[in-house]
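The values are calculated or read from the model by the stated rules, or taken from the named source; none is laboratory data. Owing to the predicted nature of the structure, the values given are computational and were not obtained by experimental measurement. Here the Cβ positions follow ideal geometry from the backbone for every residue, glycine too, while neighbour counts run over all protein chains shown. For accessibility, only protein heavy atoms count, side chains too; no ligands or nucleic acids. Shrake-Rupley method; radii C 1.70, N 1.55, O 1.52, S 1.80 Å.
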Amino acid sequence: LPRSPLSRDTYRMCVIRRYLRVQTVQPKRMGVAGHTNAMAMLSYLIADPFSFLAASAFLTGHAPVVAAVASPTLNHAAVEAGAADTTNGVTSNHHSCSSNSTHIGWICDNGNDGDSEETMDEARAKMTKYLWENVMPYDVPNARTLGFDPDAIMALASYEYEDDSGGERNNNDGHPFIISRAMQEKTTVDGLSDGILNQTLFYSLQAKTLYPWTDYIPRSIYMEYVVPYAVVNEPRSDHRPLLFHALKDTLTNYERPKENHIKKKRKGQDQTTHPQTQIKQVVKLLNTRLWSILGRESKPIVFRAGLTPRIYDPLSVIAYGHSSCTGLAILLIAALRSVGIAARMAGTPAWYGEEEKGNHSWVEVFVPGDAATGSNGGGQWIFLEPSPGIAEGVELDKANADDLERDPCKRWFCGAGRFDGSTKVFATRFTKEDAGTHYPLAWDVGDEGVPGEDRSEYYTDICGKCYR
């Protein structure tokens, strides 16, 4: 067998796949000896559950639905201050954060390279567990419809699965999973799907393998601001696959380089391998092109006031071709998340603290810091507004779409007159445990189901200096 663990696992999977194919298609040529060898190899893999899971995914084409015990919790203050990630009591600088088609790599919360690497199944399992632990109250009654299996998502301290006799077998190797017999078999009733959860997880992992900037987004940030299938209490819909594929051609030049393949630079695009610059370029590109890509022929998606909460989930905005600020912000956030960029909604439920003065919503994007230079520490949140209505074919420099490098004072709402200390601003969260507050919903006053973060001080400091 090859020396490296990854190569050994790949070798084993290939051997098993070949044996099973021969056994199924050409049983006579296989003979008794071949059958015996195949069964011996299967027994070997079953004795090693993680190799067995990997082989199952390799053979069937999709990963089993599993769940992890622990999920990372983000210390937002530490990230913006550049503090070291001490989740496991250590800080590592190994270069293993790059993801590929078989493994997912993560970076530390302080922006330094970490030594955390896991298989697709492990990453998917932890994502599932994180989403379930932080599921919003609106989703609990429809958990199974969304794709959760609450009976199988259990916080256990060891790896457990059912054996043929129905009992439990333990593997105390430090991997906290539970895999039930039904989940291993991954059976579905004819005519039924498995909910939007699996699609969301699949494309969250696809983005990690496809786009290089995801290597620089800390695990805790990616988990909370890329993986979730919703932003607030908008209707849940299967928008992730649609957005991922709709935007893929636009971002072709930004994909990870393939071996023996030279990409042509698009006119007007300054390609770079610097992750912060890439994220800023992509945000501007999508805030320019998104509205025409998803709009109807020769009619981009536009702004129309007073539509929340009637039209504010991504698919409704696309279908109608218009929405107010909340719906446009949610659509842009969903689009950014579909390509692995961490984004969340920010806004005020009431200007000057008075509901009759109106409300507003916009977008914040996480830009990782440059650990090598100490710039921004672990990263920072930068805000912008959706720029709907830009027609197809308009050049980027002429479209005037908002971007992450624009002077905040040039945005219509960012001024000392509005931010005199009376206007409160919040940002959406998904993690419940360390959320300092809830995100106030202007369209559903009193609802506290969405975790939030108070950003009033930040915006008062930034916009309070903007005089017109």
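Before moving on, here are some points about what is shown:
- Screening A230 with (1) closer than 16 Å to L131 by Cα; (2) at pLDDT below 95 gives one miss only, at (2).
- Qualifying residue in region 373-388 (condition: open to solvent by less than 20 Å² (accessible area, probe 1.4 Å), in contact (Cβ under 8 Å) with a residue 40 or more places away in the chain, closer than 21 Å to Y229 by Cα and touching a Gly at 6+ places or on another chain (Cβ under 7 Å)): no
- Close contacts from region 390-406, counting a first residue that is under 13 Å from E364 (Cα atoms) and a second that is open to solvent by less than 100 Å² (accessible area, probe 1.4 Å) and of a type outside the set (A, V, I, L, M, F, W, C), with Cβ to Cβ under 7 Å and a gap of 6+ residues or different chains, come to D402/N287; D402/E385; D402/S387; D403/K280; D403/K284; D403/N287; L404/K280; E405/K280.
- Of the listed requirements (1) among the basic types (K, R); (2) within 21 Å of Y222 (Cβ to Cβ); (3) touching a Leu at 6+ places or on another chain (Cβ under 8 Å), R429 misses just one: (3).
- Residue within region 404-415 that is under 21 Å from I221 (Cβ atoms), at pLDDT 95 or above and part of a strand (DSSP E or B) present: no
Yes/no matrix, rows are residues, columns are (1) in contact with a helix residue (DSSP H, G or I) (Cβ under 7 Å, 6 or more places away or on another chain); (2) closer than 30 Å to E133 by Cα; (3) not hydrophobic (A, V, I, L, M, F, W, C):
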position	(1), (2), (3)
I382	no, yes, no
K398	no, no, yes
F419	yes, no, no
K424	yes, yes, yes
V445	no, yes, no
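- R337 vs. criteria in a strand (DSSP E or B), in contact (Cβ under 8 Å) with a residue 24 or more places away in the chain and surrounded by 23 or more Cβ atoms within 10 Å (Cβ to Cβ): no
- From the options K280, K357, residue that is open to solvent by 10 Å² or more (accessible area, probe 1.4 Å) and in contact with a Phe, Trp or Tyr (Cβ under 8 Å, 6 or more places away or on another chain): K357
- In region 289-325, the residues that are closer than 21 Å to D238 by Cβ and either in contact with a His (Cβ under 9 Å, 6 or more places away or on another chain) or of a type in the set (D, E) (or both): I301, I311, D313, P314, L315, I318
- For region 305-334, filtering for residues that are among the aliphatic types (A, V, I, L, M), touching a Phe, Trp or Tyr at 6+ places or on another chain (Cβ under 6 Å) and open to solvent by 10 Å² or more (accessible area, probe 1.4 Å) leaves 0.
- Among residues of region 422-457 being in contact (Cβ under 8 Å) with a residue 60 or more places away in the chain and either of a type in the set (A, V, I, L, M) or assigned to a helix (DSSP H, G or I) (or both), the one that is most open to solvent (accessible area, probe 1.4 Å) is V445.
- Leading residue by the ranking (farthest from D403 (Cα to Cα)) among those in region 296-321 that are touching a residue at least 60 places away in the same chain (Cβ under 8 Å) and of a type outside the set (A, V, I, L, M, F, W, C): P309
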